[in-house]
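A quick write-up on the structure given underneath.
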Amino acid sequence: MSAAKPLKQPVSVLVVLHDGNGNILLIERADCAGFWQSVTGSLDREDESPRDAAIREVGEETGLQVRIPGPLDSIEYWFVQSGTRIHKTVHYF
C-alpha cells in the first residue's frame, strides 16, 4: 500500500497570461500529455501572499518575469481528500 500524498496548502492561484491582442498562453501539463491549462499552483508557505505565489508560479512554469497588478477574483469551495474535509481558496490573477 502506498503512502498518502501530503496535503497541499489549501490556497492556490490561477494566472491568465495574455497579450494586448487577446491571445492567452496555455501550457501543456508535463504529467498529462494533451492537457492544456493556464499557470496554477499552491502557496509554498503560510506567509506567502497569493500575488507573490502567482509571480513565482509564472516564473517556475514559463521562465517569464511578469508584473501582476492585483487579483481579478477568488473562489472558495470544500472537498474531501484522504478522508479530510478541506476548505480551498483559489485566487485568480
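Across Gly59, Gly22, Gly41, mean-square fluctuation computed from a Gaussian network of the chain (C-alpha pairs under 10 Å connected) peaks at Gly22. Here the dipole of the chain is about 260 debye; that uses its Cα centre as origin and unit charges on the Cβ of Lys and Arg (positive) and Asp and Glu (negative).
With a/c under 1.5 counting as rounded, go ahead and sort segment 26-83 into rounded, prolate or oblate using the C-alpha gyration tensor (a ≥ b ≥ c being the square roots of the eigenvalues; past the cut-off, prolate if a/b is larger than b/c, else oblate). Here segment 26-83 falls in the oblate category. The share of accessible area on the chain that comes from carbon and sulfur is 54 percent, using a 1.4 angstrom probe. In the context of the full set of protein chains, residues of the chain present 73 Å² of accessible surface per residue (probe radius 1.4 Å, heavy atoms only).
When the trypsin sites (Lys or Arg not before Pro) in segment 62-93 are filtered for DSSP coil states and for at most 15 other beta-carbon atoms within 10 Å of their beta-carbon, the remaining sites are Arg67.
Taking the C-alpha atoms only, the angle from helix 50-62 to the longest principal axis of the chain is near 80 degrees. For segment 33-68, the list of GluC sites (Glu not before Pro) that fall in a loop by DSSP and count at most 12 other C-beta atoms within 10 angstrom reads Glu46.
Taking all Cα pairs closer than 8 Å and separated by 6 or more residues, the relative contact order of the chain comes to 31 percent.
The values are calculated or read from the model by the stated rules, or taken from the named source; none is laboratory data. No experiment lies behind these values; they were computed from the predicted model shown. When we count neighbours, we look across all protein chains shown, and the Cβ atoms used for this are built from the backbone with ideal geometry, even at glycine. When the accessible area is computed, the model is the full protein with side chains, heavy atoms only, and any ligands, DNA or RNA have been set aside. Shrake-Rupley method; radii C 1.70, N 1.55, O 1.52, S 1.80 Å.
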